[in-house]
Each structure stands twice: as C-alpha cells, then as structure tokens.
Amino acid sequence: MPLFIQNRRIDRISSTEELFDKYPHLKENARTFRSKPLVDVDPKCLLYVQQREFAATTPADNCVSVIGSDDATTCHLVVVRHTGSGAVCLAHCDGSSTWSEVPLLIKAVTSLSNVSEEGRLELHLVGGFNDESKTSHKLSLNILEFQKHKEDIHLETCCITEMNDIIVGGNNRPIVYGIGVNVKTGDVFPASFPYKGPAEELRSARTFTGGQMADIYDSSQGHVRIGPCKWSPNLDIAFWLSQDDDTILKYLSTSPMAEPPYFVQHMKSTIRFILEHPNSDSLFSAGQGLI
C-alpha cells in the first residue's frame with residue numbers, strides 16, 4: 001500500500017526526523033492536534049479499545065458514537081478511515097507484531113466499504129515520545145511501512161514520537177496519551193476515558209499473557225466479543241504483588257517514567273485476575289468468546 005502525503009507518494013523513510021524535515025506541514029498539523037482540548041469521553045456509546053486490540057464500524061452504527069483508546073506511552077494509536085463510506089478502525093499497537101497487524105486494520109475498513117465507492121483511505125497516527133530506548137521511534141517506522149500493501153493510503157495526522165514529546169520534571173513523556181474518533185464525522189481528537197470496559201481485567205489479562213492483536217467488535221450486531229483466551233496456570237507471577245512500585249515500573253513497563261499514575265495498580269489487578277482464574281478455559285463456556 002503506497003503511502004501518500006499531500007497526494008504525493010512517499011519513499012521509504014529512515015527516521016521520523018527525516019519525515020518531519022521533508023514534510024514540515026506534518027509538524028504544524030501535529031502541533032495543532034496536540035493543542036486541541038482533551039475530551040473526557042462519556043461511556044455512553046463509547047467503544048473502548050485496549051492494548052493489542054482493534055475495532056471497526058461505520059456511521060450507520062446506532063450503538064457506537066466514539067471509538068477510543070488511551071494509556072499509550074511508547075504504543076501508537078492508529079486510525080484508518082475511508083472517506084467515502086465513513087468506515088473507520090482504531091487500533092492500539094505496541095509493536096508486538098506490527099507487520100501482521102497493519103493489514104488487519106486495512107481489511108477491517110475495506111470490508112465495511114463498497115469497493116466502487118468514491119473516497120480514499122486516510123491514516124491518523126498518534127503516540128510515542130522521545131523515550132531512551134527508542135522504542136517509540138522503532139514502532140513509528142514499522143507502522144509507516146505501508147508501502148508493502150496494495151491499497152493507497154493518505155497520511156493526514158502524524159503526532160508521533162518527537163512531535164508528541166514534552167519534558168516534565170527532567171523526564172520525557174507523551175503530550176497526548178489517548179484519542180477518540182467520532183464515528184459519524186471522522187473527527188480525531190485527544191481524549192481520556194474513565195471507563196475502559198467491558199471486561200477490562202479479562203482483556204488486560206489476555207494481553208499480559210501474550211495474546212495477539214484481536215478484533216473485538218462485530219458492528220453488524222453491536223457486540224463486543226472477547227476471546228476465547230488461552231493462558232496456562234502460572235503461580236510465579238504472584239511475585240509481583242509483593243514488589244514496590246519502582247520495581248514493577250522498571251520491569252513491566254517500556255517507559256517507567258512516563259506511565260499514568262494508576263499503572264502499578266492496574267498491573268496488580270491484572271495479575272490478581274490471572275491468579276484467580278489460573279485456567280482461562282473456566283471463563284469461556286464451551287470454548288466460546290464472551291459477548
């Protein structure tokens with residue numbers, strides 16, 4: 001899929017610095033985006049996407065008005081939208097298997113769009129910062145490898161890595177941690193989400209135990225579908241419950257100095273959930289996902 005900026009096909013990019021130097025309007029767009037007011041999204045008609053999940057729908061959906069995700073530090077939030085059909089997909093990518101994830105997002109949108117319909121695929125990228133390990137930078141470049149797919153896609157928003165970075169108390173951290181996309185209009189905006197369900201702990205446990213990128217939404221039915229998930233009993237993880245906050249941040253985060261204040265509590269609640277359900281099969285009736 002060739003990647004276009006301002007209707008021009010772009011060549012392979014070797015760094016985000018090169019991208020922003022070649023296309024300075026992307027810098028200005030990123031500054032404009034990150035200066036937008038943060039929207040605290042009402043849970044009503046919200047479809048929340050956790051790490052290593054994606055969801056897609058169309059403006060005809062009567063159940064969902066906003067798809068959103070947050071808590072992204074080195075992770076990137078990816079929105080793909082077809083301007084003709086209005087079909088839109090949001091994913092929370094952490095770099096676990098980017099090469100296989102990007103095609104899933106494109107397919108999710110194109111499958112909800114009439115192939116003969118006028119319009120184009122547009123891409124919005126938000127996330128990452130100038131972290132010491134360059135994890136954000138590597139993920140930015142991996143996601144920008146859209147040239148390997150057949151569909152044309154147009155990069156509209158690129159608020160990533162150095163353009164999403166701020167120094168607070170001597171530490172680099174993201175400016176925007178979360179975004180929402182208005183399903184009816186396609187507007188993408190900085191957002192936070194007090195509600196991260198349904199089945200927040202189960203979904204977190206799926207990711208913690210190595211679950212891959214998953215489509216969580218059936219737009220034809222208005223159903224969130226989780227699992228079935230697979231993990232094996234592992235009592236060793238109880239070790240983390242007795243560790244102090246700094247130790248958990250050091251070993252269980254890609255960006256210890258940039259995590260939101262509830263990160264440690266969230267990790268502990270996820271571990272407790274796994275310990276309370278050592279056999280994941282017990283959570284799913286007859287091997288069926290939860291709806």
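Listed values, structure above:
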| quantity | calculated |
| --- | --- |
| Relative contact order for region 1-128, counting Cα pairs under 8 Å that sit 6 or more residues apart, in percent | 23 percent |
| Relative contact order, percent, the chain [alpha-carbon distance under 8 Å, six or more residues apart] | 23 percent |
| GNM result for the chain, Cα springs below 10 Å: residue of C89, C229, C45 fluctuating most strongly | C45 |
| Candidates N114, N29, N182: whichever shows maximal mean-square fluctuation once the chain is modelled as a Gaussian network with Cα springs under 10 Å | N114 |
| From phi via Karplus (6.51, -1.76, 1.60), per-residue ³J(HN,Hα) for region 60-74 in Hz, x at Gly/Pro | 6, 5, 8, 9, 10, 9, 9, 9, x, 7, 8, 6, 8, 9, 7 |
| Within a Gaussian network of the chain (alpha carbon springs, distance under 10 Å), most fluctuating of G170, G197, G95 | G170 |
| Solvent-accessible area per residue for region 3-287 (1.4 angstrom probe, square angstrom) | 47 Å² |
| Under DSSP loop assignment and at most 13 Cβ neighbours within 10 Å, longest chymotrypsin sites (Phe, Trp or Tyr not before Pro)-free interval of the chain | 1-194 |
| Cross-link reach list, lysines versus K27, counting only Cα pairs under 17 Å and skipping chain neighbours closer than eight places | K36 |
| Nearby lysines by direct alpha-carbon distance to K268 (threshold 20 angstrom, same-chain neighbours under 8 apart not counted) | K196, K230, K250 |
| Backbone HN-Hα couplings from phi across region 161-167 [Karplus 6.51/-1.76/1.60, Hz, Gly and Pro as x] | 6, 5, 8, 10, 10, 9, 9 |
| Three-way shape call for the chain based on the alpha-carbon gyration tensor, with the a/c threshold at 1.5 | oblate |
| Cα lying deepest toward the dipole's positive end in region 3-287, options S204, G170, G186, charges on Cβ | G186 |
| Mean ellipticity per residue at 222 nm, deg cm²/dmol - from DSSP H runs of n ≥ 4 across the chain, formula -39500 (n - 2.57) | -7000 deg cm²/dmol |
| All lysines inside 16 Å of K150 as judged from Cα atoms, apart from same-chain residues fewer than 8 positions distant | K107 |
| Longest to shortest principal axis, alpha-carbon extents of region 94-170, angstrom | 52, 23, 18 |
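The values are calculated or read from the model by the stated rules, or taken from the named source; none is laboratory data. A quick note: this is a predicted structure, and the numbers were derived from the prediction, not measured. Note that we place each Cβ from the backbone using ideal geometry, even for glycine, and neighbour counts take in every protein chain shown. Surface areas here come from the heavy atoms of the whole protein model, side chains and all, with no ligands, DNA or RNA. Shrake-Rupley method; radii C 1.70, N 1.55, O 1.52, S 1.80 Å.
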